[in-house]
Amino acid sequence: MTRKKRDTATQGWFADLVVDNFALAFDTLRANKLRSGLTILGVVIGVGTVMAMATIVKGIGDQIVRTVEIAGPSTFYVVKVFSQTPVNPDRLPAWIRIRPDLSEREAQRIRQIPGVHYAAIWGQAFGRIEFQGVRTQNGVITGADDGFTEIQGGELTAGRWFARSELTRGSAVVVLHEDYAGKVFGQIDPIGRTVRLSGRPAEVIGIYHPPGNIFAPPGSANVAIIPFRMLDHQFTYDKTNALFIPVKPKEGASVAAIQEEVIVAMREMRGLRPGAQNSFDVITQDQVLDVFNKLTGAFFLVMIVLSSVALLVGGIGVMAIMMVSVTNRTREIGVRKAIGATRREILLQFLIEAATLTGIGGVLGILMGLGLAKLVTAILKVDSPVPFGITMIAVAVSVGIGIVFGLLPARRAARLDPIEALRYE
């Protein structure tokens, strides 16, 4: 027999052996359903947690990136203070308290810079929409102007945006988010009707349809857009965290140069001397994404650690159960060895059995994780593509845990003396 034929025969024998051992492993699992189920529970929880978090974070990340693309990568924001951790407006540190609030005059000055396409002052407050006893949940009421879609995208599906006179006077008019308009009005045409925004009356003049890919979890959607001066005169809002000036440079303008001009204009208006620190901050889209990546990165790291603990517990459970299995099947091992089974074949049998246990746990964990992620992202109204790379890694890790933690009991089984094993009762 040639070497090539010998190699082919060896490969065929090994493949048959693996298939037989998989069949034997499934027979063992079916015979011990409760024990097998409890063994793989830790693996299911660990893999499921990783898959759920990976899918949710990926979906939200993609939505935020697309939202940034709507505003344009060149858009930036002037704010009172930029902090990567939330700032309590009721307990501000001294260095923030001494900073003046942003003003309409500053937004107007920025708008006069030749390279600026759009700039306006916006503010946000939380409130409900109410009409004839029907109320929505709390959402964001944004004070802006008729250039709202320049930054947020979307379009009007009915009515109109604010007239210049309404913006100047701060008239009680409102453009409603179409989903929230449908909740309070039903089949009634809302245009021209009067709603109450946190108890304040306003006439509905338009219905806004947001872009489908904007990231807006419950409680943070723009339920209503009103003139900024109406917000400023009638609402109480956080002027530290919820007041900002979006700035969009003209197409082809140097973003860095426009940012420098904005900083110079702001410093001049505030009378800051050369060498004095800015009493405001400028945030770019890259900084927004960087903050998001840091937050989700830390959150994902915690989930990985917790999942690793669950996988470790599952692995120890596999090792313990396989040890018990080796003891209970000592006579079976003796019979196999007596009829010619080698140590390698016995070792492979128990390794495949352990890998099958954790492999099934991995598949169930993936299904559970994806199901949970779909549920969460459906509630958040976020698209969540399946992360195929992490799915493959999860399967490999779960099978690897079975091999690693199954190695000790498999070696114990392979080293059993066949004579002593046949005598075992």
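The values are calculated or read from the model by the stated rules, or taken from the named source; none is laboratory data. What you are looking at is a predicted structure, and each value in this text was computed from that prediction instead of being measured. Because the Cβ atoms are built from the backbone with ideal geometry, glycine has one as well, and the counts that use them run over all protein chains shown.
So for region 113-132 (the condition being part of a loop (DSSP other than H, G, I, E, B) and at positive phi), does at least one residue qualify? Yes, region 113-132 has at least one match.
Within region 133-154, which residues are in a loop (DSSP other than H, G, I, E, B) and of a type in the set (S, T, N, Q)? Please lay out each step first, then the result.
Initially, region 133-154 is screened for residues in a loop (DSSP other than H, G, I, E, B), giving 133, 136-138, 145-147, 153-154.
Across region 133-154, the qualifying residues are Thr136, Gln137, Asn138.
Residues in region 138-175 that are touching a helix residue (DSSP H, G or I) at 6+ places or on another chain (Cβ under 9 Å) and over 25 Å from His117 (Cα atoms): Gly139, Ala158, Ser171, Ala172, Val173.
So which of Ala119, Ala94, Ala107 ends up being closer than 29 Å to Val195 by Cβ, assigned by TED's automatic domain parsing to the domain that holds Ser254 and aliphatic (A, V, I, L, M)? Outline the logic, then answer.
Working: Ala119 fails: closer than 29 Å to Val195 by Cβ; Ala94 fails: closer than 29 Å to Val195 by Cβ.
Answer to the check: Ala107.
Restricting attention to region 161-213, the residues being under 22 Å from Asn138 (Cβ atoms), assigned to a strand (DSSP E or B) and β-branched (Val, Ile, Thr) number 7.
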